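Please read through the structure below; I'll follow up with questions.
The values are calculated or read from the model by the stated rules, or taken from the named source; none is laboratory data. Predicted model, so just to flag it, every value in this text is computed and none were measured. Here Cβ is always computed from backbone atoms with ideal geometry, including for glycine, and neighbour counts include all displayed protein chains. Please note that ligands, DNA and RNA were not included when accessible areas were found on the heavy atoms of the full protein model with its side chains. Shrake-Rupley method; radii C 1.70, N 1.55, O 1.52, S 1.80 Å.
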Number of protein chains: 2
Amino acid sequence: VISFARGAPAPECLAVELIAACARDAVERDGTTVLSYGPVGGYAPLREWIADRHAVDPKRVLLTNGSLQGVQFLLELLLSHGPALVEAPTYDRPLKQLAWHASDVETMPVDEEGLDVDALDSYLEHGRMPGLVYTIPTFQNPSGRTLSLERRRRLAQHAVDGLLVLEDDPYGLVRYEGEALPSIFELANGTNVIYSSSFSKTISPGLRVGYFVLPEELATRVEEIAVSTYITPALLSQATVMEFIRQGHFEPNLERIRGLLKVRRDAMLAALERELGGRATWSRPEGGYFLWIDLPVDTGALLARAEAMGVTFVRGSDFFYDGGGERSARLAFSFASPSEIDEGISVLSALLRA
Amino acid sequence: VISFARGAPAPECLAVELIAACARDAVERDGTTVLSYGPVGGYAPLREWIADRHAVDPKRVLLTNGSLQGVQFLLELLLSHGPALVEAPTYDRPLKQLAWHASDVETMPVDEEGLDVDALDSYLEHGRMPGLVYTIPTFQNPSGRTLSLERRRRLAQHAVDGLLVLEDDPYGLVRYEGEALPSIFELANGTNVIYSSSFSKTISPGLRVGYFVLPEELATRVEEIAVSTYITPALLSQATVMEFIRQGHFEPNLERIRGLLKVRRDAMLAALERELGGRATWSRPEGGYFLWIDLPVDTGALLARAEAMGVTFVRGSDFFYDGGGERSARLAFSFASPSEIDEGISVLSALLRA
C-alpha cells in the first residue's frame, strides 16, 4: 500500500539509536523523579526549556500525552461559554471530540491565505463571542495552508480584544523553505492565546509529548482536570525528549527531518504537475506533512477505486464539520518514499483519466 | 516531612538501572514501532502478554496512560444507563471524575470483609440497576481491606446475572503474606466484569502503564473514545515494561518490592500497637500500600496539627462521596522508611494524648 493517508513521519525520520540512548540516559540521570508520580504539568526540566523558548513562567506550560489530549481538556473547560469556532476544513480529530461532547460548533472558511478573517470579523460584528477559536495557522492539517502575516495581525488583535484563540502549531518548525512568520501567540504577546505544539513532528510521535502555553489562570484549571484524568503524564517520554535536547540532538535532527521531508514534498509537487497539471489544483506548502487537492470528481468514490489499486488518501469531507470537501482530498507526503509518491500519483492520475 | 499521605512506592522500590537499560533495549529492539503512532489499544507484545495471563483475546486488552485514564473513559461511556455504585470509602480520584461529570452516584458501605454485599443485594432487590459497580476488592485504597471469598462469589454471581462490575486491582500482586483470592473476573469467567490493573505498583508509576480487560464489544467502544482523546498511548513506556518482562525482571523485582514494603507495613503495625493500642482501631492488610485507622478525634483537625509537626496523612472524609470518615484516616506505609514510620506514628500518638 502507498499511503498518502498517514499523517506520520517516514520511518527514517526517527532517530532510533539516539532516542534509545537518550531514554536510558534520562532514567540514569534522574530515575527516581522520572519513574515516580510527579507534577501533573509534566517533567520540570522540559517545562522550563519550553517556558524559556516562549518567554513565559514555567507554571504556564503544561505537557500532555500528545497535544490532542490537551485540546480535549480545553474543549471540556471552555465551551460552556460559547461555541467552538473552527476552520473549514480542519484537523478531523478535534471535530470528533466536539461531536462527542455535543458542543456548539461554528465553521469559518479557509482560503489560500488560511483562515478567512473577514468571515471572522463578520461573525464577531454581530456581537457573538465563541468560547474558543481553534486554528492551525501554519502548514495547516489538512490544507497545508499558512495564515498570512496581515491576517495573523488581525487575529492577534481580536485576541487582545478578548477573543480566546487556541493556536495549534505542531508543524511550524518543519519548514522546508521561506521565512517563518510570527505566531499569533507572539503577535498578541500571549494575551488570550493558547499556544499548542508537540515533539511528534520534531522527534517522534510514539513518545506522545505535547505541550500547551496557557494563561496562568487557565493553566490551573487545566491542571485540575488533568490530575483527575491521569495523575501524571508519561514522564519517561518527556525526560527522553529533554535528554535529546540536552545532548544537542534537537536542531541537527530537525535539520535532517526537514531534508528527508522536503524531498518528499518536492516529489509530490513534481508528480502532480506532471500527471495532473491543468486537471486539478493543489496547495504548495512550504512545510508540514500535507497538501490539499481539488479534483473534478467525488473523492469518496475515487478513494474506493484507489484503495483497490493500493493507494490511500483521506477524502476532503472528513475535515468539514458540516459538509464540504466532497471533491477535495488531503494528500500526506510525509510517510511514503519519493518513488512511492511518484507511483501513487501516477495511479491516481490514471484513475482520473479512466 | 514524614509522609503517610503519598500512595507511592519508596524510591528504593524503583529498579532504576534495570529500567534504564530496558528503555534503551526496547527502542533498539523495535524502534520504528515504538516511536511511531500505533494502535490505540497500546503496544501489541504487552497486550498479548496480558491477554495470555488473563486467558482472553488480545483485542480485549487495552493499555492506557495509567489506569485512571481508562476509568474515566468507562465512566463517560457507561453512566448514561444508571448511577455509579461505589464503595464508601473508596479511591478519591474516581469520585472527583464522577463529580466532574455530574454523574449519579450511590454508595455502599465497606466493612472488615470489604464491600458489604448484603447492602448490594438490598439495592438490587428493589429492581434498581446501576450503570457500573466500581470496586477495589484487594488491599483496597483507602482501607487496605480485602473482599472475602464468599462475598467475591456473590458479587461474581451478580455479574453473571447482568450487573456490570469494574474490578480495580492495582495492588493484588503486592501481597506480603497469605493466599491470593480469585478475582471477581475469574469467578465470573469474565462475564460483565471489567478487570483493571497497572504496572505502577509492580514496576514504576512514572511509566503510566495501566490496563483493562474488557468485554469485546465494550473494548471497541472504549477504543473509539481513546483514539479521539490521544490517538495512541505512550508507547515507549509500554515497550519498556515489555522489555522488563522479556528480560526476566518482573517476578524477581516484584519479590524485592514485596520485601521492601512488608518491612514498612510491619513497622507501621508495630508502631501503632505500641503507641495507640487500646486507643484506636486499624485494619491489618496482607498487602498493598495503605491501612485505615479509626480514631477518637476529628482527623481534619488532627491533620492540621500533624502537618505542623512534619507528618502528613489523608483524612478519611476525602474518600467518601457523601459524608463519613470524619474520625478516620488513610495511612500509607509505602513511601516512608521504617524509621520514619516509627517516628511519625509517635508524633501522631503524642498529638492524640495532648
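Are any residues in segment B:168-180 surrounded by 17 or more Cβ atoms within 10 Å (Cβ to Cβ) and hydrophobic (A, V, I, L, M, F, W, C), and if so, which ones? Can you show your working first?
Taking segment B:168-180 as the starting set, the residues that turn out to be surrounded by 17 or more Cβ atoms within 10 Å (Cβ to Cβ) are B:168-176.
Passing the criteria: B:LEU173, B:VAL174.
Conditions first: (1) under 29 Å from B:ILE203 (Cα atoms); (2) open to solvent by 40 Å² or more (accessible area, probe 1.4 Å). B:ARG264 passes all but one, so which condition is the exception?
Exception for B:ARG264: condition (2).
Select from segment A:240-258 the residues that are within 13 Å of chain B (Cβ to nearest Cβ) and hydrophobic (A, V, I, L, M, F, W, C) and write down the one among them that is nearest to A:GLN72 (Cα to Cα). Walk me through how you get there before you give the answer.
Keep residues of segment A:240-258 that are within 13 Å of chain B (Cβ to nearest Cβ), which gives A:240-241, A:243-244, A:253, A:257.
Imposing the further condition that a residue be hydrophobic (A, V, I, L, M, F, W, C) reduces the set to A:241, A:244, A:257.
Numbers: A:VAL241: 23, A:PHE244: 28, A:ILE257: 29 Å.
Among residues in segment A:240-258 that are within 13 Å of chain B (Cβ to nearest Cβ) and hydrophobic (A, V, I, L, M, F, W, C), the one nearest to A:GLN72 (Cα to Cα) is A:VAL241.
Find the residue count for segment A:187-239, including only residues that are open to solvent by less than 10 Å² (accessible area, probe 1.4 Å), in contact with a Lys or Arg (Cβ under 6 Å, 6 or more places away or on another chain) and more than 14 Å from chain B (Cβ to nearest Cβ).
Result for segment A:187-239: 3.
Condition test on B:ALA271, is it loosely packed, with under 15 Cβ neighbours inside 10 Å and more than 23 Å from B:GLU113 (Cα to Cα)?
Working: loosely packed, with under 15 Cβ neighbours inside 10 Å: no; more than 23 Å from B:GLU113 (Cα to Cα): yes.
In short, no.
Another question, if that's okay. For segment B:82-100, how many residues are more than 13 Å from every other protein chain (Cβ to nearest Cβ) and open to solvent by less than 10 Å² (accessible area, probe 1.4 Å)?
Initially, segment B:82-100 is screened for residues more than 13 Å from every other protein chain (Cβ to nearest Cβ), giving B:82-90.
Adding the requirement that they be open to solvent by less than 10 Å² (accessible area, probe 1.4 Å) leaves B:84-87, B:89-90.
Residues that pass the stated criteria total 6.
Right, another one. Residues in segment A:285-297: is at least one open to solvent by less than 60 Å² (accessible area, probe 1.4 Å) and part of a helix (DSSP H, G or I)?
At the first step, the residues of segment A:285-297 found to be open to solvent by less than 60 Å² (accessible area, probe 1.4 Å) are A:285, A:287-295, A:297.
Right, trim to part of a helix (DSSP H, G or I) and you get none.
No, segment A:285-297 contains no residue that is open to solvent by less than 60 Å² (accessible area, probe 1.4 Å) and part of a helix (DSSP H, G or I).
Oh, and also: Residues being open to solvent by 10 Å² or more (accessible area, probe 1.4 Å), charged (D, E, K, R) and under 21 Å from the mean Cα position of the chain (by Cα): count how many of those fall in segment B:156-167.
So in segment B:156-167, the residues open to solvent by 10 Å² or more (accessible area, probe 1.4 Å) come out as B:157-158, B:160-162, B:164.
This time we only want the ones that are charged (D, E, K, R), so: B:161.
Remaining after also requiring under 21 Å from the mean Cα position of the chain (by Cα): none.
Of the residues in that region, 0 qualify.
Another question about this same structure. Within segment A:192-227, which residues are in contact with an Asp or Glu (Cβ under 6 Å, 6 or more places away or on another chain) and under 23 Å from B:PHE73 (Cα atoms)?
Our first condition is that a residue be in contact with an Asp or Glu (Cβ under 6 Å, 6 or more places away or on another chain); within segment A:192-227, this holds for A:193, A:195-197.
Within segment A:192-227, none qualify.
Conditions tested, residue by residue: (1) within 22 Å of A:LEU35 (Cα to Cα); (2) modelled with pLDDT of 95 or more; (3) out of contact with any strand residue (DSSP E or B) (no Cβ under 8 Å at 6 or more places or on another chain).
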{"residue": "B:TYR37", "(1), (2), (3)": "no, yes, yes"}
{"residue": "B:PRO45", "(1), (2), (3)": "yes, yes, yes"}
{"residue": "B:ALA51", "(1), (2), (3)": "no, yes, no"}
{"residue": "B:GLN72", "(1), (2), (3)": "no, yes, yes"}
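I need the helices (runs of 4 or more DSSP H) fully contained in segment B:16-81, keeping only those with at least 1 residues that are of a type in the set (A, V, I, L, M, F, W, C), under 25 Å from B:ARG93 (Cα atoms) and at the interface with chain A (Cβ under 9 Å from one of its Cβ atoms).
Working: elements: B:16-34, B:44-54, B:67-78.
Correct list: B:67-78.
Does segment B:185-204 hold any residues that are touching a strand residue (DSSP E or B) at 6+ places or on another chain (Cβ under 8 Å) and without any contact (Cβ under 8 Å) to a residue 40 or more places away in the chain, and which are they?
If the condition is that a residue be touching a strand residue (DSSP E or B) at 6+ places or on another chain (Cβ under 8 Å) and without any contact (Cβ under 8 Å) to a residue 40 or more places away in the chain, then B:ALA188, B:ASN192, B:VAL193 are the ones that fit.
Of the numbered conditions (1) in contact (Cβ under 8 Å) with a residue 40 or more places away in the chain; (2) more than 8 Å from chain A (Cβ to nearest Cβ); (3) open to solvent by less than 40 Å² (accessible area, probe 1.4 Å), B:SER103 satisfies every one except a single condition; which is it?
In the conditions (1) in contact (Cβ under 8 Å) with a residue 40 or more places away in the chain; (2) more than 8 Å from chain A (Cβ to nearest Cβ); (3) open to solvent by less than 40 Å² (accessible area, probe 1.4 Å), B:SER103 misses (1) alone.
Here's a follow-up. Could you please give the count of residues in segment B:238-277 that are of a type outside the set (A, V, I, L, M), within 30 Å of B:LEU348 (Cβ to Cβ) and either modelled with pLDDT under 95 or under 22 Å from the mean Cα position of the chain (by Cα) (or both)?
In the first step, residues of segment B:238-277 are kept if they are of a type outside the set (A, V, I, L, M); the result is B:238, B:240, B:243-244, B:246-253, B:255-256, B:258-259, B:262, B:264-266, B:273-275, B:277.
Okay, now just the ones that are also within 30 Å of B:LEU348 (Cβ to Cβ), so B:256, B:258-259, B:262, B:264-266, B:273-275, B:277.
With either modelled with pLDDT under 95 or under 22 Å from the mean Cα position of the chain (by Cα) (or both) added as a condition, the list becomes B:256, B:258-259, B:262, B:264-266.
The number of residues fulfilling the criteria is 7.
A follow-up question, please. Quick one: which residue in B:ARG264, B:ARG208, B:ARG256 is within 22 Å of B:PHE139 (Cα to Cα) and touching a strand residue (DSSP E or B) at 6+ places or on another chain (Cβ under 8 Å)? Reasoning before the result, please.
On the way: B:ARG264 fails: touching a strand residue (DSSP E or B) at 6+ places or on another chain (Cβ under 8 Å); B:ARG256 fails: touching a strand residue (DSSP E or B) at 6+ places or on another chain (Cβ under 8 Å).
Going through B:ARG264, B:ARG208, B:ARG256 in turn, the sole match is B:ARG208.
Output yes when any residue across segment A:100-115 is part of a helix (DSSP H, G or I) and within 22 Å of A:SER67 (Cα to Cα), and no when none is. Full working, then the answer.
Of all residues in segment A:100-115, those part of a helix (DSSP H, G or I) come to A:100.
With the extra rule that they be within 22 Å of A:SER67 (Cα to Cα), the set shrinks to A:100.
Within segment A:100-115, one or more residues are part of a helix (DSSP H, G or I) and within 22 Å of A:SER67 (Cα to Cα).
Looking at (1) open to solvent by 20 Å² or more (accessible area, probe 1.4 Å); (2) closer than 22 Å to A:GLU112 by Cβ; (3) touching a Lys or Arg at 6+ places or on another chain (Cβ under 8 Å); (4) not aliphatic (A, V, I, L, M), which is the only condition A:GLY277 fails?
Among (1) open to solvent by 20 Å² or more (accessible area, probe 1.4 Å); (2) closer than 22 Å to A:GLU112 by Cβ; (3) touching a Lys or Arg at 6+ places or on another chain (Cβ under 8 Å); (4) not aliphatic (A, V, I, L, M), the lone unmet condition for A:GLY277 is (3).
Can you report the number of residues in segment B:237-253 which are in a loop (DSSP other than H, G, I, E, B) and touching a strand residue (DSSP E or B) at 6+ places or on another chain (Cβ under 6 Å)?
From segment B:237-253, those in a loop (DSSP other than H, G, I, E, B) are B:247-249; that's our starting set.
Still in the running and touching a strand residue (DSSP E or B) at 6+ places or on another chain (Cβ under 6 Å): none.
Here the count works out to 0.
Also, quick follow-up: Name the residue that is farthest from the other protein chains (Cβ to nearest Cβ), counting only residues in segment A:1-15 that are of a type outside the set (Val, Ile, Thr) and not in a loop (DSSP other than H, G, I, E, B).
The qualifying residue farthest from the other protein chains (Cβ to nearest Cβ) is A:SER3.
Here's the yes/no breakdown for (1) of a type outside the set (Phe, Trp, Tyr); (2) under 23 Å from B:GLU286 (Cβ atoms); (3) touching a residue at least 12 places away in the same chain (Cβ under 8 Å); (4) touching a Leu at 6+ places or on another chain (Cβ under 7 Å):
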{"position": "B:ALA301", "(1), (2), (3), (4)": "yes, no, no, no"}
{"position": "B:ALA306", "(1), (2), (3), (4)": "yes, no, yes, yes"}
{"position": "B:PHE313", "(1), (2), (3), (4)": "no, yes, yes, yes"}
{"position": "B:GLU326", "(1), (2), (3), (4)": "yes, no, yes, no"}
{"position": "B:ALA336", "(1), (2), (3), (4)": "yes, yes, yes, no"}
{"position": "B:ILE341", "(1), (2), (3), (4)": "yes, yes, yes, no"}
{"position": "B:ILE345", "(1), (2), (3), (4)": "yes, yes, yes, yes"}
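Starting from residues that are without any contact (Cβ under 8 Å) to a residue 40 or more places away in the chain and of a type in the set (Lys, Arg), keep the ones in segment B:118-155 and report whichever is surrounded by the most Cβ atoms within 10 Å (Cβ to Cβ). Spell out the reasoning first.
So in segment B:118-155, the residues without any contact (Cβ under 8 Å) to a residue 40 or more places away in the chain come out as B:118-127, B:147-154.
Adding the requirement that they be of a type in the set (Lys, Arg) leaves B:151-154.
On the way: B:ARG151: 21, B:ARG152: 26, B:ARG153: 14, B:ARG154: 17.
If we take residues in segment B:118-155 being without any contact (Cβ under 8 Å) to a residue 40 or more places away in the chain and of a type in the set (Lys, Arg), then B:ARG152 is surrounded by the most Cβ atoms within 10 Å (Cβ to Cβ).
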